[in-house]
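The values are calculated or read from the model by the stated rules, or taken from the named source; none is laboratory data. Just so we're clear, the structure is a prediction, and the values are computed from it rather than from any experiment. Ideal geometry is used to build each Cβ from the backbone, glycine not excepted, and the neighbour counts take in all protein chains shown. Note: areas computed on protein heavy atoms with side chains; ligands, DNA, RNA excluded. Shrake-Rupley method; radii C 1.70, N 1.55, O 1.52, S 1.80 Å.
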Amino acid sequence: MTQVAQTTNAVLDQRLLKIVIGILSAMVSILITIGTWHINSQSTQIGSLTVAVNESVIQQRELFIKLENFERHLMRSDRSIQALEARVNSLEIRFERIDEKVSGKI
């Protein structure tokens, strides 16, 4: 090869190297942009899921409190029913005694 050919090849090699570096730089920038967009999208979805989970936990706590209150109400009602049953039994016994006294006098 002649000196001119070698110089031409060196210039072409440098230009080609700059073009390849430019293309690779552009591709890296595009990949970084796409990766950043994807990560931001995932982050937004995770944030939405976190909000939904927190709402669900709050609703479960509220439901648990309502169930506890309802259970307490049922227990009070059960105690009231038992007290009423005891009173009715007492009244029945009194009526039986009165009935026995009345039947005995007749």
Pairing the Cα long axis of helix 3-105 with the longest principal axis of the chain, what angle in degrees results, from 0 to 90 and rounded to the nearest 10?
-> 0 degrees
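Using the reciprocal of the averaged 1/r over all distinct C-alpha pairs, how large is the Kirkwood radius of the chain in Å?
23.4 Å
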Report, to the nearest whole %, how much of the accessible area of the chain belongs to carbon and sulfur atoms, 1.4 Å probe, protein only.
-> 64 percent
Where only protein heavy atoms count, and the probe is 1.4 Å, what is the accessible area per residue for the chain in Å²?
-> 93 Å²
Mind giving me the nanometre distance, one decimal, between the label points for residue 55 and residue 82, set 7 Å out from Cα along Cα→Cβ?
-> 4.3 nm
Using a basic spin-label model with each label point 7 Å from the Cα along Cα→Cβ, how many nm lie between residue 90 and residue 63?
-> 4.3 nm
With only Lys, Arg, Asp and Glu charged, each at its Cβ (+1 for the first two, -1 for the last two), find how big the charge dipole of the chain is about the Cα centre; round to the nearest 20 debye.
-> 180 debye
